[in-house]
Protein chains: 2
Amino acid sequence: LVVIRYEDIGRAVREAEYAVRGPIVARAQELERQGRKIIYCNIGNPQSLGQRPITWVRQVLALAEYPELLDRAPAGLFPEDVVAMARSVLARSPHGLGTYTESKGFRFVREAVAEFIRARDGTAADPEAIFLTDGASKGVQSVLRILISDERDGIMIPIPQYPLYSATITLYGGAQVPYHLIERSEWRLSREILEGSFEAALAKGVRPRAICVINPGNPTGSVLDEANVETVLEFARARGLSVLADEVYQDNVWLPGDRFVSFASVLERRGMKDVSLFSFHSVSKGFLGECGHRGGYLECRNVPAPVMDEITKLQSISLCANSVGQIATYLLVRPPRPGDPSHALYVKERTEVLETLRRKAEMVERGLNAVPGIQCNRVAGAMYAFPRITLPPGVTDDEYCLALLEETGICVVPGSGFGQDPGTLHFRTTILPPMEEIEAVVKRIAGFHAAFAKRRGG
Amino acid sequence: LVVIRYEDIGRAVREAEYAVRGPIVARAQELERQGRKIIYCNIGNPQSLGQRPITWVRQVLALAEYPELLDRAPAGLFPEDVVAMARSVLARSPHGLGTYTESKGFRFVREAVAEFIRARDGTAADPEAIFLTDGASKGVQSVLRILISDERDGIMIPIPQYPLYSATITLYGGAQVPYHLIERSEWRLSREILEGSFEAALAKGVRPRAICVINPGNPTGSVLDEANVETVLEFARARGLSVLADEVYQDNVWLPGDRFVSFASVLERRGMKDVSLFSFHSVSKGFLGECGHRGGYLECRNVPAPVMDEITKLQSISLCANSVGQIATYLLVRPPRPGDPSHALYVKERTEVLETLRRKAEMVERGLNAVPGIQCNRVAGAMYAFPRITLPPGVTDDEYCLALLEETGICVVPGSGFGQDPGTLHFRTTILPPMEEIEAVVKRIAGFHAAFAKRRGG
């Protein structure tokens with residue numbers, strides 16, 4: 001037999017790991033097919049756990065898909081501003097959603113993204129430095145693709161990190177350069193740690209090219225303040241690194257005193273012209289939660305045109321990001337305005353989603369901290385808790401999470417999938433189960449934890 | 001300054017070329033911004049040149065985007081089968097279009113694809129061996145990714161070829177192994193040529209891993225018969241190669257005596273268990289022309305489960321194909337049935353699109369062949385003509401296409417972007433301009449060709 005064999009596949013592909021959809025999730029799906037009820041806390045997929053889409057988004061998308069509705073629908077079926085928005089979208093994408101767009105994405109959407117950034121940060125943005133992507137993931141992959149030439153090119157990633165980064169660096173044959181967030185101080189980072197990580201890479205013959213920061217943090221739930229952002233930028237400047245700022249959770253900040261500070265805003269306030277910055281945003285998180293639509297953008301600052309042209313070329317090889325996701329991105333950055341007929345409903349829905357998430361963040365954090373043997377930092381932002389678990393010697397977090405799944409139907413991801421300090425164990429859970437289930441989930445984790453630790457010799 | 005520089009980008013990325021959206025297209029967009037009317041014949045983007053979407057597809061997508069319409073729309077606004085289809089889609093994707101799907105795509109869509117293949121080929125297909133992808137391009141890239149480990153891994157590609165293949169092989173650091181289609185016999189391939197190409201690769205230290213076939217052909221417009229398909233499969237078996245069958249133009253067969261023969265059907269009829277086959281299809285071509293929706297699928301045969309698991313993992317790293325494109329793929333493979341309220345309109349629209357394309361194929365072919373110095377093979381399938389042009393010595397097809405653009409506003413792609421026999425020159429044009437423009441387009445090409453050849457010393 002001469003069919004293709006597993007052994008024929010290159011190492012880079014085989015060694016890439018993506019725990020968020022790894023073996024434990026596969027087992028959960030198997031159990032579900034056997035009739036078990038599974039609570040999927042492994043992935044930030046809000047609508048799969050009952051979060052409802054924002055009406056504004058779906059109404060405009062429906063009209064853009066089927067423009068005949070604009071003429072055929074009876075008056076009042078859609079609010080006037082929805083109709084006006086759909087007409088405007090169709091006027092500016094004159095061939096509709098069925099055509100390949102520019103490789104970078106619809107120009108009018110990139111202009112609206114630039115305006116959104118300007119309004120958010122108070123600083124100009126260039127539509128030609130913005131790329132519309134199939135979710136933020138594809139944007140991250142494009143940037144890593146241009147940064148990594150060979151196995152000596154290092155990319156600094158936080159530990160714990162979102163495994164898109166580790167998997168993609170492995171796939172592209174680069175070197176992961178970990179910098180460890182400080183768990184005991186709410187997963188903050190420090191210049192000292194960044195410098196140590198950089199030096200350790202150099203000592204191994206690796207040349208760091210860029211630093212990735214996820215803010216608000218996935219899986220940590222931390223939110224960086226302006227000083228932290230500045231620390232990263234100053235470090236990047238001193239060491240000649242590009243910065244990848246994963247800001248997909250920018251609307252998910254839960255504590256009253258905190259606020260999201262974008263890397264772009266600090267870069268501009270400091271007048272830094274000598275650090276290349278790549279920022280990412282998405283329609284999948286925040287309050288839209290439109291994961292399935294695969295919409296997002298990448299914004300470049302201080303990136304020379306010939307480098308951006310290479311990103312355009314990468315996008316062009318698979319033509320363009322999907323057009324519906326591009327329009328969803330438009331609707332993210334161009335919401336109804338005060339006084340528009342849809343505004344009140346939009347604000348109500350947004351507030352409900354965000355307030356519910358805020359309460360869940362608090363419930364999960366408090367609930368987990370009440371369990372002896374589980375310690376959880378503040379869930380200050382994003383959609384996850386990443387608690388530390390104390391287990392009997394020799395027991396791994398993989399075993400723990402698999403047993404949790406088998407015994408309770410709750411699917412979480414082992415800390416090993418994100419990286420953790422040696423000698424520590426964690427898991428990541430989303431805060432997304434419906435409000436009425438959250439207490440039960442936490443209770444079941446508590447019950448499981450005690451029994452498991454006891455059984456395994458704790 | 002320490003910002004990222006073009007020189008820092010790896011060779012593989014810099015050397016990847018994608019002519020379909022290359023410098024001539026960039027120049028066309030520049031001219032358009034200056035107010036010139038450009039006729040884009042560079043890319044198979046039917047709806048951008050006036051082809052209308054199929055109503056069935058857009059009606060179901062509109063309802064799936066905004067399910068409230070199912071209750072709120074007055075009776076009669078949507079046909080009953082459209083409503084039933086939307087309800088069925090929503091029942092089987094119970095959280096709607098806003099969630100990440102399985103990494104492989106919605107299971108019910110994969111089941112429908114398997115049924116579509118069974119009905120087309122009369123042979124069973126396995127939903128678990130089907131992956132839903134963001135257009136066929138992403139499926140091709142996943143397969144090439146697992147086939148290429150290093151620069152000694154060769155991928156056989158036709159010359160001329162669609163540059164997705166050459167660009168992706170370069171990007172992944174593999175070796176292109178060209179096999180030249182025989183222009184004088186309607187771009188047919190022969191066992192002799194395949195063997196010669198294979199041997200030439202071996203002599204250079206390259207180990208061919210797979211052969212790519214595009215049928216119907218892009219850019220050639222040729223359609224393979226069963227004997228041709230068998231030739232490829234026998235060759236692949238003898239040489240231990242995987243086969244990539246790009247079948248996105250399967251509904252675009254224009255000559256009365258021809259019909260599309262899938263690689264899967266021949267593989268099964270010959271009972272070949274020892275050739276791995278990867279087949280691709282898309283919603284972008286055929287009669288849907290839904291390029292912007294980025295929908296498509298990859299089907300694997302004789303591919304071991306551990307290899308398919310690696311493809312799943314690659315898909316999972318960027319989560320999943322966009323959900324709307326997945327549903328568009330569903331609507332491609334599950335059209336209205338005879339007797340359904342939408343059936344008549346669906347058949348009418350499909351027939352109009354295909355008959356119009358058939359007439360355009362003939363008009364373009366005949367028109368180009370009437371120009372002295374241009375010779376065009378039969379446009380038997382797909383959406384392109386790839387005529388050979390005779391130019392004065394020393395003149396390149398790049399110069400020709402750029403001058404054509406500047407002087408007539410017609411944007412075509414030089415043959416060099418697809419590959420051609422040494423000493424020959426070509427360009428690729430789509431057959432997509434509106435019927436009423438086609439004659440004018442061909443006339444302008446004729447006028448330009450004579451004047452250009454004369455001016456440049458012909």
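The values are calculated or read from the model by the stated rules, or taken from the named source; none is laboratory data. Model, not experiment: these values are computed from the prediction. Reconstructed Cβ throughout: ideal geometry from the backbone, glycine too, with neighbour counts over all protein chains shown. Remember, those area values only see protein heavy atoms, side chains included, never the ligands or the DNA or RNA. Shrake-Rupley method; radii C 1.70, N 1.55, O 1.52, S 1.80 Å.
Annotations
- Its relative contact order, with pairs defined as Cα atoms under 8 Å and 6+ residues apart, puts the range B:262-324 at 28 percent.
- Mean sequence separation of contacting Cα pairs (under 8 Å, at least six apart), scaled by the length of the range A:133-179, corresponds to a relative contact order of 42 percent.
- Values of log10 I(q)/I(0), in the order q = 0.09, 0.11, 0.12 Å⁻¹, for chain A under a Debye, Cα-only, solvent-free model: -0.62, -0.93, -1.10
- Taking every alpha-carbon pair under 8 Å whose residues sit at least 6 apart, chain B reaches a relative contact order of 22 percent.
- The Cα atoms of the protein assembly as shown define a convex hull whose projected area, averaged across directions, is 37.3 nm².
- Delta accessible area of at least 40 Å² on complex formation, residues of the range A:105-145, 1.4 Å probe, chain isolated as reference: A:K138, A:R145
- 10 Å beta-carbon shell around B:G122, net charge (K/R +1, D/E -1): +1
- Solvent-accessible area per residue in the range A:244-299 equals 22 Å², computed with a 1.4 angstrom probe and all protein chains kept.
- Rh by Kirkwood over Cα pairs, then Stokes-Einstein D for the range A:299-379 at 0.890 mPa s and 25 °C, µm²/s: 141
- With 5 Å bins from 0: P(r) over the range A:146-204, alpha-carbon pairs, percent: 4, 20, 26, 23, 18, 8, 2, 0
- From largest to smallest, the equivalent ellipsoid semi-axes obtained for the range A:24-95 from the alpha-carbon gyration tensor read 39, 13, 11 Å.
- A:D421 sits with roughly 60 Å² accessible to a 1.4 Å probe, with DNA, RNA and ligands left out of the calculation.
- When the listed pairs A:K138/A:K313; B:K138/B:K204; A:K138/B:K104 are checked against a 19 Å cut-off, the alpha-carbon distance exceeds it for B:K138/B:K204.
- Working from the Cα coordinates of the range A:251-325, the gyration tensor eigenvalues give, after taking √(5λ), semi-axes of 25, 23, 5 Å in decreasing order.
- Restricting the range A:196-284 to trypsin sites (Lys or Arg not before Pro) in coil, as DSSP defines it, with at most 14 other Cβ within 10 Å: A:K204, A:R259, A:R270, A:K273
- Legend: translational diffusion of the range B:1-125 by Stokes-Einstein, Rh = Kirkwood radius over C-alpha pairs, 4 °C, 1.567 mPa s; D = 65 µm²/s.
- For B:L255, the distances from its label point to the matching points in the remaining copies are 7.3 nm, ordered from shortest, with each point set 7 Å beyond Cα toward Cβ.
- The value given for the range A:233-373 is a Kirkwood hydrodynamic radius of 18.0 Å, derived from the mean inverse Cα-Cα separation.
- Compactness of the range A:88-161 - radius of gyration and Dmax, Cα, Å: 16.1, 49
- The range A:1-46: trypsin sites (Lys or Arg not before Pro) falling in loop per DSSP and having at most 13 other Cβ within 10 Å: A:R5, A:R36, A:K37
- Accessible-area composition of the range A:61-114, carbon plus sulfur, in percent [1.4 Å probe]: 53
- In the range A:318-359, burial by the other protein chains removes 40 Å² or more of accessible area from A:S318, A:L319, A:N322, compared with the chain on its own (1.4 Å probe, ligands and nucleic acids ignored).
- In the range B:168-272, the C-alpha radius of gyration followed by the widest Cα-Cα span (Dmax) gives 14.0, 44 angstrom.
- For the range A:1-64, the alpha-carbon coordinates run over 53, 35, 22 Å along the three principal axes, in decreasing order.
- Kirkwood-type radius of the range B:82-231, with distances r between different C-alpha atoms, in Å: 17.9
- Expressed as a fraction of 2.2 N^0.38 Å, the C-alpha radius of gyration for the range B:332-458 is 1.29.
- Ordering B:M435, B:M383 by accessible surface, largest first, gives B:M435, B:M383; the 1.4 Å probe counts only protein heavy atoms, with every chain in place.
- Solvent-accessible surface of the range B:1-158, taken per residue with a 1.4 Å probe and all protein chains present: 38 Å².
- Of all lysines in the structure, the ones whose alpha carbon falls short of 22 Å from that of A:K348, not counting any fewer than 8 places away in one chain, are A:K285, A:K360.
- Accessible area per residue for the range B:333-452, computed on protein heavy atoms with a 1.4 Å probe, is 40 Å².
- When the residues B:H426, A:H95 are ordered by accessible surface, computed with a 1.4 Å probe over the protein chains alone, the sequence from largest down reads A:H95, B:H426.
- Three semi-axes of the equivalent ellipsoid, the range B:345-401, Cα gyration tensor, whole Å, largest first: 31, 11, 7
- Figure note: B:R145, A:R118 ranked by solvent-accessible area, largest first, 1.4 Å probe, ligands and nucleic acids not counted: A:R118, B:R145.
- The range A:383-445 - Debye-derived log10 I(q)/I(0), Cα point model, q = 0.29 Å⁻¹: -1.38
- Debye log10 I(q)/I(0) for the range B:82-126, one point scatterer per Cα, at q = 0.14, 0.26, 0.27 Å⁻¹: -0.41, -0.93, -0.95
- Residue by residue, the range B:184-191 carries 3J(HN,Hα) couplings of 6, 10, 6, 6, 5, 10, 9, 4 Hz when phi is fed to the Karplus relation 6.51 cos²θ - 1.76 cosθ + 1.60 (θ = phi - 60°); x denotes Gly or Pro.
- Buried solvent-accessible surface, both chains (B, A), 1.4 Å probe, Å² to nearest 100: 7400
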